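Take a look at the structure below.
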Amino acid sequence: MSKLGTLGARLHHGEVGYDFVKNRKIWYGISILITITAIVGLAVRGLHMGIEFQGGAVFTTPKNMSASVSQAETWAEEASGHDAIVQKLGDGSMRIQIAGTDTAQSDQIKEDLSKNLDVPAERINADLVGPSWGDQIANKAWQGLGIFMVLVVIYLAIAFEWRMALAAFVALIHDITITVGIYALVGFEVTPGTVIGLLTILGYSLYDTVVVFDSLKEQTRDITKQTRWTYAEIANRSINSTLVRSINTTVVALLPVGGLLFIGGGVLGAGMLNDISLSLFVGLAAGAYSSIFIATPLVADLKEAEPQMKALKKRVLAKRAQAAAKGEPEDAAVAGGSYAEDGADEDDDAAPAVVGPRNQPASRGRGRGRPSGKRR
């Protein structure tokens, strides 16, 4: 077994682990700092909306153009008086986007481009996008996002409980805010591809969170019938038991997206890939972070505010203090373990917790030293 696989098995069995829930205030502080930075960037710089949202014109030149992208960009900006985005396509043609132009301006820009590019005006294809169409797209995107959020909260409240639904909702808002803020800070254009990327990463983030919640729901069944572990300790066990799985899925997902963003968009200059790849890259990373450091610790905070969980915590701490006074081994040292393994009855609390490698069945030792082969 690989070292990562061995670590995953040890994390799953509670033999090792990191106390994510205990240090939750640190993670909350980091998230608040990042979120404030994203909001400030959004307020100061704003989003660079594509022509699909604010209207404009798209000009497509004939194939095998000799002019460079920088030359075409300069000519387009001089002709329109607005910023232009020029992309060279695989067949040698160019796609020139100019926002904030109407039909009359489009005709004049087309004539100026035909002179500078030395091609007939009729061979330059011009497509206009009205601002009203862009408003419709933006409204549909917001409606889709709102419906998605409502359905997510309802589903999680039914499948788990309202506290987990609330924690997942906070994590999703956290991921959206950070991703949108990064778009504002780096100045990437927001297109329908960006919206698709946002919805994709929300589903991925939710999947990662539900995996941890499912483990937590299973391990906290009949939790009040024992006095070994608090809810927060079992929540921490749930994070550790799924940690390697979360890391593996996140890394595998980030590798191709990183290739699109840094190689396709950065090195090869395929600007259209940036629209969706940046939202996917930032959102996947933020989603993995929020599932581990935000959602589950927040559930632990909400649950431990309940009277039953407060009473359980008092019983657990009192029992540990009593054991420490008698010089007995303290169960807190194995807080990563699952109480279900040792039984939920309080009468069995004196039994040692199972933390290290499981005891081998007695039958495994039978027959050792016997010669191999069939018995005669």
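Every read-out reported here was derived from the displayed coordinates using simple, explicitly stated rules and does not represent laboratory data. Just so we're clear, the structure is a prediction, and the values are computed from it rather than from any experiment. Here the Cβ is made from the backbone with ideal geometry for all residues, glycine too, and neighbour counts use every protein chain on show.
See the values below:
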quantity: Dipole of segment 96-188 [Lys/Arg +1, Asp/Glu -1 at C-beta], most positive-end residue of I98, F169, I158; calculated: I158
quantity: Relative packing of peptides 138-148, 188-198 - highest average C-beta neighbours within 10 Å first; calculated: 188-198, 138-148
quantity: Neighbour cut-off at most 15 other Cβ (10 Å), DSSP loop, trypsin sites (Lys or Arg not before Pro), segment 279-315; calculated: none
quantity: Coarse-grained scattering of segment 142-275 at q = 0.09, 0.12, 0.19 Å⁻¹, given as base-10 log I(q)/I(0) from a Debye sum over alpha-carbon atoms; calculated: -0.36, -0.61, -1.17
quantity: Potential extension, T37-V186 segment - 0.36 nm per residue separation minus Cα distance; calculated: 52.4 nm
quantity: Paired Rg and Dmax values of segment 35-118, which use every Cα atom, in angstrom; calculated: 15.1, 50
quantity: Dipole in debye (nearest 20) - segment 184-248, about Cα centre, beta carbon charges: Lys, Arg +1; Asp, Glu -1; calculated: 340 debye
quantity: Cβ crowding within 10 Å averaged over residues, with 274-281, 242-249 ranked highest first; calculated: 274-281, 242-249
quantity: Highest-first arrangement of 160-166, 22-28, where packing means the average Cβ count within 10 Å; calculated: 160-166, 22-28
quantity: Total lysine pairs under 18 Å (Cα atoms) in segment 18-176, excluding pairs fewer than 8 apart on one chain; calculated: 4
quantity: Dipole magnitude of segment 86-152 about its Cα centre (Cβ charges: Lys, Arg +1; Asp, Glu -1), debye to nearest 20; calculated: 280 debye
quantity: Farthest positive-ward along segment 145-257 dipole, Cα basis, beta-carbon charges - from N248, V211, L185; calculated: V211
